[in-house]
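Report on one structure; see the data block that follows.
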Amino acid sequence: MGGKVCEGIKSTLKLLSLRGTACPDYFGREGRGEVLDVSGLAAGMYFIEMKWKSGSVVKKFVKE
């Protein structure tokens, strides 16, 4: 992803396939400004779900 996500805010991250299936290595990770290493993922489109105390967001990304 090339950068820190929600830096300084404790969040829970879930990486989902297009089918909505959670990728086991990325399911429920918690951290503060964690950088995700997606080098082991197959090429394709994914969604990342970030949740924190005050809300949540889902973003799409493409792994080439």
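Taken together, the values in this text are just the output of simple stated rules run on the coordinates, not laboratory data. Treat the numbers as computed from the prediction; the structure is a model and nothing was measured. Every residue, glycine among them, receives a Cβ derived from its backbone with ideal geometry; neighbour counts consider all protein chains shown.
By count of other Cβ within 10 Å, fewest leading, how are THR12, THR21 ordered? Walk me through the numbers before you get to the answer.
Working: THR12 14, THR21 10.
In order of increasing Cβ crowding within 10 Å: THR21, THR12.
Rank the residues MET50, MET45 as a footprinting-exposure proxy: fewest other Cβ atoms within 10 Å of their Cβ go first.
Going from least to most buried by this count: MET45, MET50.
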